[in-house]
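The structure appears right after this line, and notes come after that.
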Amino acid sequence: MEGMTSFSVVAEGLRKRYGDTWALDGLDLAVPEGMVYGLLGPNGAGKTTVVRILTTLVRADAGRATVAGFDVATQSAQVRHHIGLTGQQPTVDEILTGRENLEMWARLHHLGAAAARRRAGELLDRFGLTEAAGKRVRHYSGGMRRRLDLAIAFILAPRVLFLDEPTTGLDPRSRTEVWQSVRTLVADGGTVVMTTQYLSEADHLAHRIAVIDAGRVVADDTPERLKSQIGGDQIDLVVHEAGDLTEAAGVLLRVTGAEPAVDADTRRLIAPVRDRIAALTEVMRELSRLDIAVEDVALRRPTLDEVFLNLTKERTAA
Ligand SMILES: Nc1ncnc2c1ncn2[C@@H]1O[C@H](COP(=O)(O)OP(=O)(O)OP(=O)(O)O)[C@@H](O)[C@H]1O
Ligand SMILES: [Mg+2]
């Protein structure tokens, strides 16, 4: 199975410097074909820089990369032919209407006039822009611009689609539409590389995630394995009275053997557990015996947010 994997994107040792800053500092990446691959990382980690290099907009100072089998440095025209890109900054033409923008891009991609009109109509519909199709983009809201930008990226059903924060600023319904389009593209055999600030989005959508920090990949795995990497389930407990926090923390420590994280403002305590139900039962029995009122209690998996904070904190401290 492993031997049969083909990769849509392979990057080895990418480095890129801006002044004194190494935006990329030896970045390696291998994106298997036919999946949604999420790039996560704090602001300034290098996500946009790697997307710009892989889409041939910027040259790396060192290292090499291929996209759809073509070298981004020496075969950039072929790379561009197989990719779509939506950048962090929208690229639509302000003076034109939404429909005109789409038709213009479709023509630039060598569709005939009738085919371009048809494709524009489909995409306007898919991204909820039919009503606004005749308005100049200058009068669009931020979310409408972004949706138009995405529609442009989908014109040719590219083999590899790069999306740099595609859903930032979108309302929940538009975000769901973007997710649906991404899934459709992948179901049709395409590959999507996307950055996002929304970790729950990466969790829902990405088959695999690379966490980037300070220009390097610090983790690369499925969302599930990333989450289990920082431990199993946790007890998440909220006590009714702030005055009970210390005593409740003592109970959690005795039962789970781990020092719980305590947030005094929200009266919340969190501790990792192994034998979930037994530990929960024991904690509740002890709290009840001590007459400590519990407002809320849950057993839950770590979230991707916790994984992210954990990984990027480690490196800052290193
Ligand atoms: N054109 C440029 N000129 C100078 N510095 C740049 C340029 N582009 C990026 N940088 C620097 O390179 C580093 C990485 O930037 P990049 O935009 O790739 O980060 P990012 O992960 O996309 O961040 P964000 O989450 O804020 O979008 C930052 O320190 C940034 O200031
Ligand atoms: Mg960015």
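Multiplying the residue separation of residue 118 and residue 247 by 0.36 nm and removing their Cα-Cα distance gives an extension gain of 39.7 nm.
For region 234-300, the orientation-averaged shadow of the C-alpha convex hull comes to 3.7 nm² (one quarter of the hull surface).
For region 94-196, the square roots of the Cα gyration tensor eigenvalues, ordered a ≥ b ≥ c, give a/c of at least 1.5 with a/b no greater than b/c, which places it in the oblate category. Of the GluC sites (Glu not before Pro) found in region 111-189, those that fall in a DSSP loop while having at most 14 other beta-carbon atoms within 10 Å are 131. For the chain, the longest principal axis of the Cα atoms and the long axis of helix 98-108 meet at an angle of about 60 degrees.
Computed about its Cα centre, the charge dipole of region 97-145 is approximately 120 debye, with only Lys, Arg, Asp and Glu carrying charge at their Cβ. Among 259, 100, 224, the largest mean-square fluctuation in a Gaussian network model of the chain, built with springs joining Cα atoms closer than 10 Å, belongs to 259.
Within the shell of other residues whose beta carbon sits under 13 angstrom from the beta carbon of residue 221, the net charge comes to 0, with Lys and Arg scored +1 and Asp and Glu -1. Rounded to the nearest 10 degrees, the inclination of helix 304-317 to the longest alpha-carbon principal axis of the chain is 90 degrees. Taking 52, 254, 15 in turn, the Gaussian network model of the chain (Cα-Cα springs below 10 Å) assigns the largest fluctuation to 254.
Between helix 142-153 and the chain, what is the angle of the helix's C-alpha long axis to the longest principal axis, kept within 0 to 90° and rounded to the nearest 10? Compared with the principal axis, the helix lies near 60 degrees. Taking 0.36 nm per residue of separation and subtracting the Cα-Cα distance, full extension of the segment from residue 300 to residue 78 would add 75.2 nm.
Coupling constants for region 255-264 follow from the phi torsions by the Karplus curve (6.51 cos²θ - 1.76 cosθ + 1.60, θ = phi - 60°), and in residue order they are 6, 8, x, 10, 5, x, 7, 10, 10, 5 Hz; glycine and proline get x. Measuring r between the beta carbons of residue 285 and residue 261 and using R0 = 30 Å, the FRET efficiency lands at 0.85.
Read-outs throughout are calculated quantities, based only on the coordinates presented, and are distinct from any laboratory measurement. Remember, predicted model here, so these are calculated numbers, not experimental data. Because the Cβ atoms are built from the backbone with ideal geometry, glycine has one as well, and the counts that use them run over all protein chains shown.
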